[in-house]
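Structure, as structure tokens:
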Amino acid sequence: MTATIYDTPDEALDGVSDGARVMVGGFVSASSPTNLIFALKRRGTRNLTVMATNIGFGDRLDELCEDRQIAKAIASFAVRASSARASRFEEQYRTGEVELELVPQGTLAERIRAGGAGIGGFLTRTGVGTQVAEGKDVLSWQGEEWLLERPLRADVAILKAHRADRLGNLCYRMAGRNFNAVMATAADLVVVEVEEIVETGELAPNEIHTPAVYVDRIVRCDPVEVRWDGR
């Protein structure tokens, strides 16, 4: 399978519809797919469930809240504990306009990995006896209680990599692998913005972090500078 190369991020998101479950790669501003986020905003796609490690913390995912395109977020960092200015998402969450499923970061990563690997669930001690456990199955094993966490999958994942070849093999730069790599395995449609597209064979085998078999669409985009406050 060869990934399709698109000229613009708007074209690369063709077919993404209202109500979609969307995974968004990146960690804070590191390798966040900002161009694809902006394209999703321009499309006006609504009632989205977004899955990301953060929203409103140095990323531009919060931009989708300006026109109230997000209905629910599944994330690890979405509400500030300090008196710093609240994100648009946080403001809407506190007024009951959007839903939030807060997931410990390690659990979030493992739920996505499980979704990509076809695993039906896993046990973890993280969150036992807290609000994280509400509504979940609690199992006893070796004298301790464990939460049964379910896998996560998405209709589409929007990701960022440093380079891709024309088959769709991806190379991330430094910390850019973060959530991008695992999300590439757990979505029905994987769309990736990259800074450079090279010819097939130019990436050495040990440079390929995500094989092309997981990638459906790629688009070359210039990097977007993101400030820490995400605005």
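Structure notes:
- The stretch 188-204 residues that are free of Cβ contacts under 8 Å to residues at least 40 places away in the same chain and more than 24 Å from ILE37 (Cα to Cα), paired with ones that are assigned to a loop (DSSP other than H, G, I, E, B) and basic (Lys, Arg) (beta carbon under 6 Å, 6 or more apart): THR200/ARG166
- The single condition among (1) acidic (Asp, Glu); (2) outside any loop (DSSP other than H, G, I, E, B); (3) open to solvent by less than 20 Å² (accessible area, probe 1.4 Å) that GLU101 does not meet is (3).
- Taken over the stretch 151-168, the criterion of being closer than 23 Å to LYS72 by Cα and in contact with a helix residue (DSSP H, G or I) (Cβ under 7 Å, 6 or more places away or on another chain) is satisfied by PRO151, LEU152, ARG153, ALA157, ILE158, LEU159, LYS160.
- For the stretch 1-54, a residue qualifies if it is in a strand (DSSP E or B) and under 16 Å from the mean Cα position of the chain (by Cα), and the qualifying residues are ARG21, VAL22, MET23, VAL24, PHE27, ALA30, LEU48, THR49, VAL50, MET51, ASN54.
- Scanning the stretch 179-213 for residues that are of a type in the set (Asp, Glu), open to solvent by 10 Å² or more (accessible area, probe 1.4 Å) and not in a loop (DSSP other than H, G, I, E, B) yields a total of 4.
- Taking (1) open to solvent by 20 Å² or more (accessible area, probe 1.4 Å); (2) among the hydrophobic types (A, V, I, L, M, F, W, C); (3) not in a helix (DSSP H, G or I) in turn, ILE74 satisfies each apart from (1).
- In summary, TYR93 fulfils each of the numbered conditions (1) in contact with a strand residue (DSSP E or B) (Cβ under 6 Å, 6 or more places away or on another chain); (2) open to solvent by less than 20 Å² (accessible area, probe 1.4 Å); (3) farther than 23 Å from ALA186 by Cα with the single exception of condition (2).
The values are calculated or read from the model by the stated rules, or taken from the named source; none is laboratory data. As the structure is a computational prediction, the values presented were derived from the model and not from experiment. All Cβ positions, glycine included, derive from the backbone under ideal geometry; neighbour counts span all protein chains shown. Heavy atoms of the whole protein, side chains included, go into the accessibility calculation; ligands, DNA and RNA do not. Shrake-Rupley method; radii C 1.70, N 1.55, O 1.52, S 1.80 Å.
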